[in-house]
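Here is the structure we will look at, set down as structure tokens.
The values are calculated or read from the model by the stated rules, or taken from the named source; none is laboratory data. Note that the structure is predicted; figures quoted are calculated from it, not measured. Cβ: placed from backbone, ideal geometry, glycine included. Neighbour counts: every protein chain shown. With ligands, DNA and RNA removed, areas are computed over all heavy atoms of the protein, side chains included. Shrake-Rupley method; radii C 1.70, N 1.55, O 1.52, S 1.80 Å.
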Number of protein chains: 2
Amino acid sequence: MHIAFCCTDTKAEPWLQGLQAALPGATVQLWSPGAALADYAVVWAPPQAFFDEQTALRGVFNIGAGVDALVKLRLPDATQAPVVRLDDAGMSVQMAEYVCHAVIRHFREFDAYEADVARQEWSYRKPRRRSDFPVGIMGLGVLGERVSRALAQFDFPVRGWSRSAKTVPGVQCFSGLAGLNDFLAATRVLVCLLPLTPDTESIMRKETLERLLPGAYIINVARGAHLVDDDLMALIDSGHIAGATLDVFRVEPLPAGHPFWAHSKITVTPHTSARTLRDESIAQIAGKIQALHRGAPIASLAGVVDLKKGY
Amino acid sequence: MHIAFCCTDTKAEPWLQGLQAALPGATVQLWSPGAALADYAVVWAPPQAFFDEQTALRGVFNIGAGVDALVKLRLPDATQAPVVRLDDAGMSVQMAEYVCHAVIRHFREFDAYEADVARQEWSYRKPRRRSDFPVGIMGLGVLGERVSRALAQFDFPVRGWSRSAKTVPGVQCFSGLAGLNDFLAATRVLVCLLPLTPDTESIMRKETLERLLPGAYIINVARGAHLVDDDLMALIDSGHIAGATLDVFRVEPLPAGHPFWAHSKITVTPHTSARTLRDESIAQIAGKIQALHRGAPIASLAGVVDLKKGY
């Protein structure tokens, strides 16, 4: 069995060693143009040339949950070589942490307390009501469900929106374009966990964001292209939106001089909300490669991407 | 039925109105020296003179969870007039929020990311292992149990310590002085939720704090007198303790010029971790007054304070 590893922005050596240790019978190699044909590929944002050359693949494993960088490419026939994304692999608990931390920070006004304390001021703020803080999650996949469960534990009203209708315990669910306005209209904190597809690109723009409850907060942990940056800035300036916590950006790293960097109502983090954990990911990918190799049907694997949907 | 309200530092009018509305048959009055004898008292840090004059009380209701300011006074005979503290009343979810927010902030190094972002630096930090972050909770009452449940949901190993042996699902429990060292020795984040009693005063001092795992964090949401301020500072300076989140202080408001205000590794909040919520508290106290008045046995009320234990 030959495995090709082709990942931009990722230190290859520990992945190669880890995959080799997990699949001792396999040949695991870092891909470069002209390399031998591999049976399976482990990738992150590979170039088109990779797929143009690798014509014998039987499975493509993405070392992340989002496959937007991958599905833009010309890929092998999915019935022969499915694209498989990471299925949790330690990411959902990180996402629950990140989102709960941000929601609590906004709800409890910790930023305002911090500013008071910086002036050595012992201040009092009237506690906000939890019922005034419905949190709306866009995207109810593995990550969205885990985040909604974590938020419900702090007694926030939790709402959810997804492309197709879903039922999540404890979550008031909306779906499709028909349900979007009702979902937004009673949401105070909007959390974006959607896959990036042509349908969801720029979903957070003036027309949608201004439907949120006044004094809304935005938490984007999906992809930068879900948000129209200028529309967010304008709605913060107008006071309709009270603040945002952004982990993802249209261009990453966020370019020098971008107004998000220093905006007092925008918290920036460097795409760190849910990091790929190497050991968990290698174990998961190796297990799926072994299953495919033993002849397991594609449909039996968790995380197989529907290329038409884009996630 | 006469109810006397005697609370320092609290705006009386909304409490008086709320109690009156909840107990329409009662006379609810703000106490002042020489006032008529009341049947029940609703108090927060009242003066000794209140109890010296009020000799006909049948119940004393504290509008907070901690009764350390109350049990220092000469009180009526507890078999005639039990001291009853608030039993949750919306406080435990706030405590869970505050503590989870602080633990996640420390675990995920959000302070360090914030400092990087302030320099417009897009940085990378190796994710920490959850197994290296056992959280130890001192105090396993209503608040401690709720906090432990919230933390366990984020997959942190949770340990607990209490005066008498307890069993809490998912928590590795230790008890008594005999169990304290073992509890501390594998704790990375120490959360104090103890009642303040002669036994627990200064429990967080050099000898105990230096037993924590290196790079420990302290979260104090109980009382300022649980912590020896200078010992914390010395252990932060030595590097053994990596940081602290403090909501309570020996003197409140925290005095001007106190070194905690501006310390880069200490986060100060103005005793805001779990605030008394007026509506919930009034409903709970009114219910208990009605129960006592109907002749319910003292032992049937939740939150009756054991004056010998001090909580």
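Does region A:151-171 include one or more residues that are in a strand (DSSP E or B), farther than 30 Å from A:P46 by Cα, away from chain B (no Cβ under 14 Å) and under 16 Å from the mean Cα position of the chain (by Cα)? Yes; the residues of region A:151-171 include at least one that is in a strand (DSSP E or B), farther than 30 Å from A:P46 by Cα, away from chain B (no Cβ under 14 Å) and under 16 Å from the mean Cα position of the chain (by Cα). When residues in region A:40-88 are screened for being among the basic types (K, R) and buried (at least 17 other Cβ atoms within 10 Å of the Cβ), 2 of them pass. For first residues located in region B:77-90 and outside any loop (DSSP other than H, G, I, E, B), partners that are among the aromatic types (F, W, Y) and lie 6+ apart or on another chain with Cβ distances below 8 Å form the pairs B:V84/B:F61. For beta carbons closer than 7 Å, sequence separation of 6+ or different chains, a first residue in region A:247-267 that is closer than 24 Å to A:F110 by Cα and assigned by TED's automatic domain parsing to the domain that holds A:V191 and a second that is basic (K, R) and in a loop (DSSP other than H, G, I, E, B), the qualifying pairs are A:V248/A:R223.
Scanning region B:284-311 for residues that are closer than 30 Å to B:A102 by Cα and open to solvent by 20 Å² or more (accessible area, probe 1.4 Å) returns B:Q284, B:A302, B:K309, B:Y311.
A:A178 passes every criterion in (1) out of contact with any Leu (no Cβ under 9 Å at 6 or more places or on another chain); (2) part of a loop (DSSP other than H, G, I, E, B); (3) of a type in the set (A, V, I, L, M, F, W, C) apart from (2). Within region A:227-242, the set of residues being buried (at least 21 other Cβ atoms within 10 Å of the Cβ) and touching a Ser or Thr at 6+ places or on another chain (Cβ under 8 Å) comprises A:L227 only. When region A:100-130 is filtered for residues that are in contact (Cβ under 8 Å) with a residue 60 or more places away in the chain, within 10 Å of chain B (Cβ to nearest Cβ) and in contact with a helix residue (DSSP H, G or I) (Cβ under 7 Å, 6 or more places away or on another chain), the ones remaining, listed by number, are A:V103, A:R105. Summed over region B:206-224, residues that are farther than 18 Å from B:G144 by Cα and surrounded by 17 or more Cβ atoms within 10 Å (Cβ to Cβ) total 6.
Among residues of region B:131-149 that are at positive phi and among the hydrophobic types (A, V, I, L, M, F, W, C), none has a Cβ under 9 angstrom from a residue that is modelled with pLDDT of 95 or more and surrounded by fewer than 24 Cβ atoms within 10 Å (Cβ to Cβ) at a sequence gap of 6+ or on a separate chain.
Considering only residues that are surrounded by 12 or more Cβ atoms within 10 Å (Cβ to Cβ) and either free of Cβ contacts under 8 Å to residues at least 40 places away in the same chain or not aliphatic (A, V, I, L, M) (or both), which ones fall in region A:9-25? It would help to see each step written out before you state the result.
The initial filter retains those residues of region A:9-25 that are surrounded by 12 or more Cβ atoms within 10 Å (Cβ to Cβ), namely A:10, A:12, A:14-20, A:22-23.
Those that are surrounded by 12 or more Cβ atoms within 10 Å (Cβ to Cβ) and either free of Cβ contacts under 8 Å to residues at least 40 places away in the same chain or not aliphatic (A, V, I, L, M) (or both): A:T10, A:A12, A:P14, A:W15, A:L16, A:Q17, A:G18, A:Q20.
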